[in-house]
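We did not get these values from a lab; they are worked out from the coordinates using the rules stated. Note that the structure is predicted; figures quoted are calculated from it, not measured. Here the Cβ positions follow ideal geometry from the backbone for every residue, glycine too, while neighbour counts run over all protein chains shown.
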Ligand SMILES: Nc1ncnc2c1ncn2[C@@H]1O[C@H](COP(=O)(O)OP(=O)(O)OP(=O)(O)O)[C@@H](O)[C@H]1O
Ligand SMILES: [Mg+2]
């Protein structure tokens, strides 16, 4: 098996009747960026959390050829499956540096120091503020910190839940450019959840379109290079709300 992540027949229920995800299957190759696009409530976060082991799901999740479906979240993190939640969820009362330490709590001290330096080098905006309380960061800087905290765990697959949420396009571009740089250097695979197709196109290789908890379409980034094909995908899968 050459896939890094292989999700097959994944379903997620909240309670007995509320099905949020229905029989979803997809793969992520080593070093690949795969995007899940869909409107609010389509099931994007539920899929990511089920892959990370944070909520239960039916179906199978294989990582690096091994069935991790029954593993708790912390064991998936140790194998390199790391979820960066939407809405950032950093700890405001702690400093930037302490937040990073939290992301690498299970990593030996010397390695943790190396990774902290790597993250601060990658995001100079937060390096200047490393010893300040995290609540003093701007929205974009908080997003950089959240991603940095995810990188501290040493991910092989980073699950990024709407990193562009609430950010100005220029900041989103900056964050995505940094992700592109990490990817070029480390062969990190990324599963990206987004609502905005244009921004997602900057970084991803494969796109899955999600509606009502099910995958309704798939395109490669190469398929969507011309604007007519992009518009066709938006009309078919996302609707007017996501065209911006
Ligand atoms: N904790 C929960 N309890 C009950 N239902 C939930 C819960 N979390 C999500 N849902 C429902 O599951 C469905 C999918 O939600 P999910 O958060 O996965 O969507 P999403 O695509 O991430 O949406 P958004 O773009 O708004 O973040 C929705 O109908 C939502 O109401
Ligand atoms: Mg969500």
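Worth a mention:
- As a length-normalised measure over Cα pairs under 8 Å and 6 or more apart, the relative contact order of the chain settles at 27 percent.
- Residues residue 66 and residue 170, FRET efficiency given R0 of 30 Å [Cβ-Cβ distance, rounded to 0.05]: 0.15
- Taking other Cβ atoms within 10 Å as a rough exposure proxy, 3, 75, 131 sort from fewest to most as 131, 75, 3.
- Note on the chain: GNM, Cα springs under 10 Å; of 201, 118, 144, the largest mean-square fluctuation is that of 118.
- Largest-first principal axis extents of the Cα set of region 45-165 (Å): 44, 33, 22
- Build a GNM of the chain with springs between Cα atoms under 10 Å apart, and of 56, 85, 124 the one that fluctuates most is 124.
- By DSSP, the beta bridges lying fully in region 128-235 are antiparallel in about 55 percent of cases.
- Förster radius 22 Å - calculated FRET efficiency between residue 121 and residue 98 (Cβ-Cβ, nearest 0.05): 0.75
- Taking other C-beta atoms within 10 angstrom as a stand-in for reagent exposure, 218, 208, 62 fall in the order 218, 62, 208, fewest first.
- Taking all Cα pairs closer than 8 Å and separated by 6 or more residues, the relative contact order of region 7-66 comes to 43 percent.
- Going from the residue with the fewest nearby Cβ atoms within 10 Å to the one with the most, 47, 182, 190 rank 182, 190, 47.
- Working note: Cα gyration tensor of region 88-243, eigenvalues times five, square-rooted, sorted largest first, giving semi-axes of 32, 16, 13 Å.
- For a modelled paramagnetic label at residue 74, 7 Å from Cα along Cα-to-Cβ, the residues of region 133-176 in reach, with backbone nitrogen under 20 Å, are 149-156.
- What the pair-distance distribution of region 129-210 shows, using all Cα-Cα distances binned every 5 Å from zero, is 3, 13, 27, 25, 19, 10, 3, 1, 0 percent.
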